[in-house]
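Only one structure is covered here, and it is reproduced in the block below.
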Amino acid sequence: MHTSDNHEPWFELLHLSSMALPVGGFAYSQGLEQAIEAGVITDAASARRWIEECVLHNLARQEGVLWHCVFQAALVKDGRALLMRNDEIFALKETAELRLESRQMGQSLAALFSKWPQAQWLTMLDPTPVGWTYTAAHASLCAAVGLSASVGLASFFWAWCENQVLCVVKHLPLGQSRGQALLQEIKPVLQAAITHLINQAGASTQIEFGSAAMGFAINSARHETQYSRLFRS
């Protein structure tokens, strides 16, 4: 069977976007649970606003940018630059629970590197003392298996967004049908954020990043001492 050289490995995309991937993402809400507890999120409309603002002011401006930097380093197998960005991602996590989440999910994904023949070189890298962050592990694996940057970012953004919506569905509660409608409503924001990020990266060799998502950080910090909770972050 003939396949084009520029054909995206779609099964790899589906695999890396799957909720069945054993990295433990279901255990985390990234402060969203505290936002519900505090009454910031009360319905589908406020949930959509919260998720979209996290996409625009955190994922698109910082986490996604660093994902792209790691991806570029992994493409040329520059382990030193990759690990430097991994450390940077960890250092920029505002709270203890966000650092715990990033490291636990990252280490879990890194434990699967050996399952992909193309990713064997990643198993030789030593991210001590930080350990693998999920962002860096995901970007590295996307590069190793041949996904393009835009498709890999779509996988990263979508998995994050889907988990956020599932948190809302479980916790408000919100019906499954309304949760699916919410995902549909957020898709254009995800696409716009990824397109802007890719265009920004293509226009400059030194991509700028930075975020000041104070509400996100404060809710995560408050969640650490929330009396009753379903999620670890």
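Results for (1) more than 13 Å from the chain's Cα centre (by Cα); (2) under 20 Å from LEU141 (Cα atoms), shown as yes or no for each residue.
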site	(1), (2)
LEU16	no, yes
GLY25	no, yes
ALA35	yes, no
LEU75	yes, yes
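For ALA221, are the conditions met, namely being modelled with pLDDT of 95 or more, aliphatic (A, V, I, L, M), over 23 Å from TRP67 (Cα atoms) and over 18 Å from the mean Cα position of the chain (by Cα)? I'd like the intermediate steps shown before the answer.
Details: modelled with pLDDT of 95 or more: no; aliphatic (A, V, I, L, M): yes; over 23 Å from TRP67 (Cα atoms): yes; over 18 Å from the mean Cα position of the chain (by Cα): yes.
In short, no.
Looking at ALA136 and the list (1) modelled with pLDDT of 95 or more; (2) in contact with a Ser or Thr (Cβ under 7 Å, 6 or more places away or on another chain), which single condition is not satisfied?
(2)
Among the listed residues ALA144, ALA137, ALA119, identify the single one that is part of a helix (DSSP H, G or I) and under 19 Å from ILE198 (Cα atoms). Give the steps one after another, and end with the answer.
Working: ALA137 fails: under 19 Å from ILE198 (Cα atoms); ALA119 fails: under 19 Å from ILE198 (Cα atoms).
Criteria check complete, one pass: ALA144.
Scan segment 83-98 and give yes if some residue there is at pLDDT 95 or above, in contact with an Asp or Glu (Cβ under 9 Å, 6 or more places away or on another chain) and more than 23 Å from MET19 (Cβ to Cβ), otherwise no.
Yes, because at least one residue in segment 83-98 is at pLDDT 95 or above, in contact with an Asp or Glu (Cβ under 9 Å, 6 or more places away or on another chain) and more than 23 Å from MET19 (Cβ to Cβ).
Taking ALA144 as the residue in question, decide whether it is under 13 Å from the mean Cα position of the chain (by Cα), closer than 18 Å to ARG80 by Cβ and touching a residue at least 60 places away in the same chain (Cβ under 8 Å).
Judged against the criteria, ALA144 is not a match.
Suppose we filter SER108, SER114 for residues that are surrounded by fewer than 19 Cβ atoms within 10 Å (Cβ to Cβ) and in contact (Cβ under 8 Å) with a residue 60 or more places away in the chain; which single one remains?
SER108
Going by what's in this entry, would ALA181 be described as at negative phi, modelled with pLDDT of 95 or more and of a type in the set (Gly, Ala, Ser)?
Numbers: at negative phi: yes; modelled with pLDDT of 95 or more: yes; of a type in the set (Gly, Ala, Ser): yes.
Here the answer is yes, as ALA181 does meet what is asked.
Looking for something buried (at least 18 other Cβ atoms within 10 Å of the Cβ), at pLDDT 85 or above and of a type outside the set (D, E, K, R) - is there at least one such residue anywhere in segment 224-232?
Checked segment 224-232: no residue is buried (at least 18 other Cβ atoms within 10 Å of the Cβ), at pLDDT 85 or above and of a type outside the set (D, E, K, R).
Which condition from (1) modelled with pLDDT under 95; (2) over 30 Å from ALA38 (Cα atoms); (3) in contact with a helix residue (DSSP H, G or I) (Cβ under 6 Å, 6 or more places away or on another chain) is the one that ASN199 breaks?
(3)
The values are calculated or read from the model by the stated rules, or taken from the named source; none is laboratory data. Remember, it's a predicted structure, so these values are computed and weren't measured experimentally. Note that we place each Cβ from the backbone using ideal geometry, even for glycine, and neighbour counts take in every protein chain shown.
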